[in-house]
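One structure is given here, and the rest of the page talks about it.
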Amino acid sequence: MTQAHTTTASAPVTVLGLGDMGRSLARAFVAAGHPTTVWNRSPGKGEDVVALGAVRAASAEEAVRASGLVVCLVDYDASDAVLEPLAGALEGRVLVNLTSDTPARSRQAAAWAAKHSLAYLAGAIMVPVDVVGSADALVFHSGDRAAFAAHEDTLKALGEPATYLGEDHGLAAAYDMAMLDFFYGAMGGLVHAFALARAEGIDGASLAPYLHTIAGILPPIAELTAADVDTRTYAGDGGNLAMMAAGVDHILHTAKGHRLDVSQLAGLKSVTDRAIAEGHGTSSWSSIIEVIAADR
């Protein structure tokens, strides 16, 4: 397998797909001094990045042949149709697909790349469009280690450091799904908290400052929970599951009293009840993984 090995600050890069995130990536590459070629399936997008200095290609093949590093932001269904005819043009280049999808889909795409002897990286962008290219940007990469090493300096334009997770192409998507699992669960709880507050006559602006206290204790809790689940030891010294499940029950009854949707809370209560029934009442909250995980 051959691959372009250009790591200077002026290394050219191509961006396929000019939605909000694609344009944000293109802007980051241009700002970092990389000659940037862009292409989008439908016309009329990307005028802003062209105005900044990006070059619009007339076709996907022209865009691919312009650079040794090709970054794809087209969803997998569309990218299959776009990339299949370009296998020949991609030879000797590194393809990086930053489309958010499942780990299984990432591995399927990697199998397609392997069939065509293409250097391939799968990735996941973990920040909003306006954070890309800043010191706070987190972008995961997984797959071909040599391809990542060859273009790490260029990929740092999106967020430094560029985070490489390993050779399994599904890893970036797996981290993405796990982190979004936490995010959307937390967002659901946040909105439900505002709904409960509203039902009690409390406006959101009055509650919000106090929620920072809860948010602030989550990072150390994440570290402790990681240690619990990795070692499968669940010491309930700081508050056992039975005590915390009682708190869930109180919230559930309060919400039901206001006729709120309680599907998320009811699901959580079901999990805690099952864990307690299996003997984890004196264990930490982390022990509920023993009824959630398939490998228990």
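List every residue pair whose Cβ atoms lie under 9 Å apart, where the two residues are 6 or more positions apart in sequence or sit on different chains, the first residue falls within the range 27-49 and is in the same structural domain as Val70 (by TED's automatic domain parsing), and the second residue, located anywhere, is polar (S, T, N, Q) and surrounded by fewer than 21 Cβ atoms within 10 Å (Cβ to Cβ).
That search, which allows pairs on different chains as well, returns Ala28/Ser134; Gly33/Ser10; His34/Ser10; Pro35/Ser10; Trp39/Ser59.
Being among the β-branched types (Val, Ile, Thr) and touching a Phe, Trp or Tyr at 6+ places or on another chain (Cβ under 6 Å) is the filter here, so list the residues in the range 124-164 that pass it.
Correct list: Thr163 only.
Are there any helices (runs of 4 or more DSSP H) wholly within the range 194-296 with 1 or more residues that are closer than 25 Å to Ala178 by Cα and in contact with a His (Cβ under 6 Å, 6 or more places away or on another chain), and if so which? Give the derivation first.
Values: elements: 204-231, 241-257, 263-275, 289-292.
Filter on the range 194-296 gives 241-257.
Just to be sure, is Ala111 over 24 Å from Ala31 (Cβ atoms) and either in the same structural domain as Gly33 (by TED's automatic domain parsing) or polar (S, T, N, Q) (or both)? Working first, answer last.
Working: over 24 Å from Ala31 (Cβ atoms): yes; either in the same structural domain as Gly33 (by TED's automatic domain parsing) or polar (S, T, N, Q) (or both): yes.
Considered against the rule, which asks whether it is over 24 Å from Ala31 (Cβ atoms) and either in the same structural domain as Gly33 (by TED's automatic domain parsing) or polar (S, T, N, Q) (or both), Ala111 comes out as yes.
Could you tell me which of the residues Ser100, Ser117 is surrounded by fewer than 24 Cβ atoms within 10 Å (Cβ to Cβ), touching a residue at least 60 places away in the same chain (Cβ under 8 Å) and over 22 Å from Phe29 (Cα atoms)?
Only one candidate qualifies: Ser117.
Considering only residues that are closer than 23 Å to Leu265 by Cβ and within 26 Å of the chain's Cα centre (by Cα), which ones fall in the range 229-244? Spell out the reasoning first.
Within the range 229-244, the first condition is being closer than 23 Å to Leu265 by Cβ, and the residues that meet it are 229, 234, 236, 238-244.
Correct list: Val229 only.
Here are Ala199, Ala208, Ala226: which of them is closer than 25 Å to Ser283 by Cα and hydrophobic (A, V, I, L, M, F, W, C)?
Only one candidate qualifies: Ala226.
The values are calculated or read from the model by the stated rules, or taken from the named source; none is laboratory data. Quick caveat: nothing in here was measured; it's all calculated off a predicted structure. Cβ atoms come from the backbone with ideal geometry, glycine included; neighbour counts cover every protein chain shown.
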